[in-house]
Structure formats: structure tokens, C-alpha cells
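What follows is one structure encoded as C-alpha cells, with my remarks underneath.
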Amino acid sequence: MNVMTNPVPKAGTEDALRRASALRFLAAEMVEKAKSGHPGMPLGMADIATALWDPKGAAAVRHDPANPTWWNRDRVVISNGHGSTLLYAALHLTGYDLSVADLQGFRQMGSRTPGHPEVDVTPGVETTTGPLGQGLANGVGMALAEKQLAETFNREGFPVIDHHTFVLLGDGCLMEGISHEACSMAGLLGLGKLICLWDDNGISIDGEVEGWFGDDTPARFEAYGWHVIRAVDGHNADAVASALAEARAETGKPTLICCRTEIGQGAPTKAGSHDVHGAPLGAAELAVMREALDWPHAPFEVPDDIRAAWDARPAGAAAHARWDRLWKGYQAAHPEAARELDRRMVGWLPGDWRETVTQTLAAAAAEEGAPATRKCSQTVLGKIAPRLPELFGGSADLTGSNLTDWKGAGRVNDKDPGGRYMSHGVREFGMSAILNGMALHGGWIPFGGTFLVFSDYARNAIRMAALMKRRVIHVLTHDSIGLGEDGPTHQPVEHVASLRLIPGLEVWRPCDTLETAVAWTEAIARTDGPSALVLSRQGLPTQHRDPAQGAMLARGAAVVVAADAPRIVLIATGSEVELAMKTRDLLEADGIATKVVSMPCRERFLAGEQAWRDGILPPGVPRLAIEAAHPEPWWRIVGDRGDVVGMETFGESAPAPELFKHFGFTPEAVATRALRLVARMAS
């Protein structure tokens, strides 16, 4: 345990101490006014932040508060996001568009200062954090994105991509398993522009951590291959600045700076206790703190000289101007590369993207046979990826099963400077959060693969991508009991339903190459959130459709077989489209006019206008949904006049054909359910 004992900061220059006091009081006052929040981390890390955001610091953050989206800015991530007031105070003081009124609105409805940092809400916030450890993994993704862009676009004399990623993190981030997943990869990849500052205060919510967190953290990170700077006095801004300079000088390894701190430093009676973690200090404690730190100023008041010392706008404008001159020289010397980098950082797709889509869909529609949709996906990738250089793929140690690679991708793990494919190892959660960081950085459209059943490991990172509205693509294969003999541990039942519950996530479950191509192209074209492509292990026959039906699929559903005056509509996804078609043959033989609808993306379908949806699913006609997964999401589609053939138990270990028969996914069993539904609706 590394708890300090001095409640009032003494180390460092007078200038640094006064600037740190401004941070401490703004952070504490935000929490006090909101009557909720977490003052312990901001008070404890204020001196660290003072060094990190020092406008005159040679090793401090390089940024331009007037232009928060400048490509070559350093990124700063607060992984211990409960300490958001520290970030808000620093952004306000350095000159971002964040006013005193914004600070006073902390944690209030519609404010620009939510309880945990949220990207696109507050200028200067790089990622949404709060679930511990994920900000750290996002930082790894940002550093990876920077490294791969630099290796692709930088030219001799023109380092137009050249910036660092800084992550502030606490004990909780390091206890989360995702920290191992992400930091192990960061060391292996030699992400030398990743610098992490650990708030080593020995306290978490339950008290002193030595009873549940006894790791030798410096040795752990050294074993990962990191550069570790041990035992830095986290309450001495000069000592932190010296460590930052050492970290910047290390280019071959990521750096962990171990900052010994006291939680709540500066709060005279509460510092050093877990009680200061997540509750306002109270008026009495703040009054004593004002006296102890010689801060005779009203709440949210900062003297002009301290504001001037914090103002990073002049230095930021100068740094940005230097880069602009470099960029103009790059544009003149390497115009094609400059145009391509510009396009990718803005987020535009290539000019021939629509042509690529048209050709890909045409080729997919012409596919014959019965490939698994995971194989369809690889076929589509082979056509799209060479013409979409920002596509960055990977898999969590399942490349040969997910089929997520393509010819000529190049392996990052093999130190290929132009590599666009990464084996993440068995790290589903870490992979997904790293992909989020790459998407946040810009310049890449990242995707990663694993088995659908293991999406549970990655779920919170998938949720965060949806919350942040970032374009990340998840390739989730082996999508049902159709994977067969591996049994219930590997057979997803509830997973598609569970993923559909995440707001903003589009879940695609295609039935053949054409639908897989539509899913891929729509996921790539989408800019306001993530997508999940749910793919089969077993082969599925091609459903032949005309161009109009194929175009309709982009809206989430299309008629596979129409019927005049249908008496029932069969709705299916993925492998069950084939089952619906065979069921239709039986029903038609019994004189039941049957319409078959494939609905690869329920979210897209529900987003369509009512009149169009009624054209696909005629009102008043009974609906039977068929999916080898939990039925719950389908009741909104079929209504109380419909039925769902699904699964509400775990699977079994057996060959796939036996499993489908055992669980009632046969044409005969489904036809019986359909006839029962028609009879019920007619009575």
C-alpha cells in the first residue's frame, strides 16, 4: 500500500501548487453543487494533471483547445472516468469551449458535463469512460491506430502523424481483467507512444486494497514488455513532468508511470480514506480546505493570473500552426497520399465505393452452392478489403474459424508496417475495446471476429461502441445449434436476442452470400453506430432473388417468395430461411398460400416507415417467426396473433441435423405450428 500521509500538498513550485489548487477546488465544487460525484480521484490526481496539461511543459500534452479535433493532437483518456471533474476542470482552464456555467451544470439533465466523460458531449473528451479498464483499452486502440497510420502515411521529413496517447488510470482499472488483455498486447506491439499514469493510492470503494489487490504492478507491466517508471511522487508536478519527459523519450515500449498518491489529497480530514471516493466533501470540509490551501476565493472563482498560467490556447495554436506548415509541405510533396489521409481522417468512403458495392452485390447474387455464411463473409471481404484500405480486421484467436482474413491483408503481429490484420489472441473483451479506440482515433474502420457465444465476454465493449455511436463491426460466427458437436457450451441460444437489446447496435443474420454482402456494405456505410454480423458454421443454400429483392435487403427485410392473398407469413433469418422455404412447400401442398420473408436485420426493418413495413408484413395476416435462438425479440414483430418457433433451452452435443430435428426445426414440425396458427386465427 502506497498511501501518503500529508493532507496538504507541499512539493513542487509555487506556480504548480496554485494551478493544482484551481483544479482541486473546481473539481470539488462541481461535486458539491451537484450533491453527488467522486472528489477523491480529482483531488488525488490534481498534481499529475497539472504536469500533464502544463501549457509550458516540454513533455506535456500537445493539443489545441480552439480545435479539439485536430488530427495530430495528443489524446488524453481518463480511464477512471468517475473522476470526470478533473478532466472537466482541466479542459475549462486550458481554454476549451467549456464555461463556468457548464461546470456548474455537472451531472444535470442535458449538461455538457455528465457524471462520466462522454465523447461528442464535451469538447476535448476523447472517449466515453466509466466501466473501469475500458478507457485503458481504448487508449491502446488509439495508440495502435496512430502507429499504423504513421507507418502507412509518414514520409521522410514529413511525420504528419506523430502524437501520443496518455491514459490516467486507477487501481480499479488494473484489477479489471481487460487491463491484462489490452496491456499485454500493447507491450507485444511496442506501442511506444502510449503513456499511462497510474494513480497508486492503495484505496478502492471497499477500503484499503491490500486485502484484494496485492499484485506487484510494476513487475507485471515489465513482464508485458513495458517501460516502467517506479515510485514517482504523484503530488510533485515537477517529478511527474520529469517522468513524462522520460516516457516521451522511450519510443519502443509503452510506458507506465507509477504515481504514488493519496486519495482526496488536500481534504484535511477525509484524505486517505475510501470515504472521500464517491461523496461530496461537505461545506465544512471545503471551508477548512480553503484555509489549508490558502484559497480565499468563492466557489468556481479562479484568479486571473492562475487562469493565464493555465491557458493553453497560445501554445496550442502555435503547435497547430507548425503542423499546418508541415501538412502543406506534405500535400505538395505527396499529393496522393495527402488526399487519401485526408479522406480517411474525415471518414469519407472512397469515391468508387458505390461501384465497389454494386460489383460486390452482383457477384454475391451470382454465387451458387451452399456455403456457410462465414465463408460468404470471407468471399465478400476478399472483394471489399482491397478497395477499402481503412478496413482493419482481426480475430480473437479464431481466424481459421471466423474466416476474417483476406489475401494481402498483412499481419500486424508479424511487424508488417502496412499490416491491416491483427491476431488478438484469446482476448474478446480487450479486442473489442481496442477496436473502439481505433474507431475513436479515426482513419480506420475496425472489425473483429469471435464465436457468437463468446460475445458475452465482449458485451460491455460492444455496448460502449453503441453508446458512443462508433462504427465498429463485430463478426460473430457459429451462430446456433448448427455448430453441432461442441455442445451447449458453444451453442448460442440467447445471444442474438441479447445483442438486439443494445440500443443502437444493428444485428445482421444473413442467409446467403447476397445477404452477407448487404450486411457488410451496410455496416461499412453506417457512420452512427456498430454492427454485428451473425454468421453460420454450416452451409446454407443460395436463395435466388431478383435485383429489386436484393436492394430491399438493405432496409432489413425482403420478400423471398410472395403469395396472392397469403394466409400466413413465414419470417426467418440466417439458416432458418431455408427451413421457411421448405415449410412453405408443405403448406402450399395443403392449399395454404404462404409468403416467405427474410429479415436479416430486425433493427433496420423496425426503423422503416409503417406503410413499407405493412407491405412486407400485411396487417391481419398471421405471422410465424422462425429462428434457432431465443424467441423474445420476435413477439414485437408477430404480435399477439402470431407465433415464434425458437429455443428457450440450452442445446445438446450432437451432429447439427440431429439437433435441428430434436429441437423442432424441421419443415414438418414448423408446418404443424403454422397450420395450428392459421386454424387459431380463423376460429
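The values are calculated or read from the model by the stated rules, or taken from the named source; none is laboratory data. What you see is a predicted model, and the numbers here were worked out from it, not measured in a lab. Cβ sites come from the backbone with ideal geometry, for glycine too, and all protein chains shown count toward neighbours.
Taking into account only those residues within the stretch 445-462 that are touching a Gly at 6+ places or on another chain (Cβ under 9 Å) and not in a strand (DSSP E or B), which is nearest to residue 69 (Cα to Cα)?
461
Which ones in the stretch 346-393 are surrounded by fewer than 17 Cβ atoms within 10 Å (Cβ to Cβ), under 16 Å from residue 420 (Cβ atoms) and basic (Lys, Arg)?
Matches in the stretch 346-393: 387 only.
Hey, does the stretch 118-131 have a residue that's buried (at least 21 other Cβ atoms within 10 Å of the Cβ), over 30 Å from residue 416 (Cα atoms) and over 20 Å from the mean Cα position of the chain (by Cα)?
For the stretch 118-131, residues buried (at least 21 other Cβ atoms within 10 Å of the Cβ), over 30 Å from residue 416 (Cα atoms) and over 20 Å from the mean Cα position of the chain (by Cα): absent.
What number of residues within the stretch 257-276 satisfy the criterion of being closer than 26 Å to residue 75 by Cα, crowded, with 23+ Cβ neighbours inside 10 Å and in contact with a Ser or Thr (Cβ under 8 Å, 6 or more places away or on another chain)?
Total meeting the criteria: 3.
Suppose we filter the stretch 423-442 for residues that are more than 13 Å from the chain's Cα centre (by Cα) and crowded, with 24+ Cβ neighbours inside 10 Å; how many remain? Give the derivation first.
Pass one, the stretch 423-442, residues more than 13 Å from the chain's Cα centre (by Cα): 423-427.
Still in the list and also crowded, with 24+ Cβ neighbours inside 10 Å: 424, 427.
The total comes to 2.
Name the pairs: first residue in the stretch 264-289 and free of Cβ contacts under 8 Å to residues at least 60 places away in the same chain and assigned to a helix (DSSP H, G or I), second residue buried (at least 19 other Cβ atoms within 10 Å of the Cβ) and of a type outside the set (Gly, Ala, Ser), Cβ to Cβ under 7 Å, at least 6 apart or on different chains?
285/270
Residues in the stretch 562-585 that are within 28 Å of residue 492 (Cβ to Cβ) and in a helix (DSSP H, G or I): how many?
9
Go through the stretch 291-346 and give me each residue that's over 36 Å from the mean Cα position of the chain (by Cα), among the charged types (D, E, K, R) and in a helix (DSSP H, G or I).
First pass over the stretch 291-346, keeping only residues over 36 Å from the mean Cα position of the chain (by Cα): 291-299, 301-306, 308.
Pick out the ones that are also among the charged types (D, E, K, R) and you get 291, 294, 301, 304-305.
Hits for the stretch 291-346 are 291, 304, 305.
Would you please list the contacts, defined by Cβ atoms under 9 Å and residues six or more apart or on different chains, that run from a residue in the stretch 454-466 that is touching a residue at least 24 places away in the same chain (Cβ under 8 Å) and closer than 18 Å to residue 127 by Cα to a residue that is among the charged types (D, E, K, R) and in a helix (DSSP H, G or I)?
Filtered contacts from the stretch 454-466: 458/428; 461/428.
Here are 455, 423: which of them is modelled with pLDDT of 95 or more, touching a strand residue (DSSP E or B) at 6+ places or on another chain (Cβ under 9 Å), farther than 25 Å from residue 513 by Cβ and of a type in the set (Ser, Thr, Tyr)? Step through it out loud before you land on a result.
Numbers: 455 fails: farther than 25 Å from residue 513 by Cβ.
Going through 455, 423 in turn, just one is modelled with pLDDT of 95 or more, touching a strand residue (DSSP E or B) at 6+ places or on another chain (Cβ under 9 Å), farther than 25 Å from residue 513 by Cβ and of a type in the set (Ser, Thr, Tyr): 423.
Six or more apart or on different chains, Cβ under 8 Å: which pairs go from a residue in the stretch 114-132 that's more than 21 Å from residue 63 (Cβ to Cβ) to one that's assigned to a loop (DSSP other than H, G, I, E, B) and of a type in the set (Asp, Glu)? Could you list them?
132/176
Take the residues of the stretch 618-636 that are in contact with a strand residue (DSSP E or B) (Cβ under 6 Å, 6 or more places away or on another chain) and among the hydrophobic types (A, V, I, L, M, F, W, C): which is nearest to residue 565 (Cα to Cα)?
Among them, the one singled out is 621.
Could you list, in sequence order, the residues of the stretch 652-683 that are touching a Leu at 6+ places or on another chain (Cβ under 6 Å) and of a type in the set (S, T, N, Q)?
Those that are touching a Leu at 6+ places or on another chain (Cβ under 6 Å) and of a type in the set (S, T, N, Q): none in the stretch 652-683.
Scan the stretch 321-342 and report the pairs whose first residue is surrounded by fewer than 13 Cβ atoms within 10 Å (Cβ to Cβ) and whose second residue is in a helix (DSSP H, G or I), with Cβ atoms within less than 9 Å and a gap of 6+ or a chain change.
What qualifies is 332/338; 339/331.
Would you mind stating whether residue 229 is of a type in the set (A, V, I, L, M), part of a helix (DSSP H, G or I) and buried (at least 20 other Cβ atoms within 10 Å of the Cβ)? Give the steps one after another, and end with the answer.
Details: of a type in the set (A, V, I, L, M): yes; part of a helix (DSSP H, G or I): no; buried (at least 20 other Cβ atoms within 10 Å of the Cβ): yes.
Spelling it out, it is not the case that residue 229 is of a type in the set (A, V, I, L, M), part of a helix (DSSP H, G or I) and buried (at least 20 other Cβ atoms within 10 Å of the Cβ).
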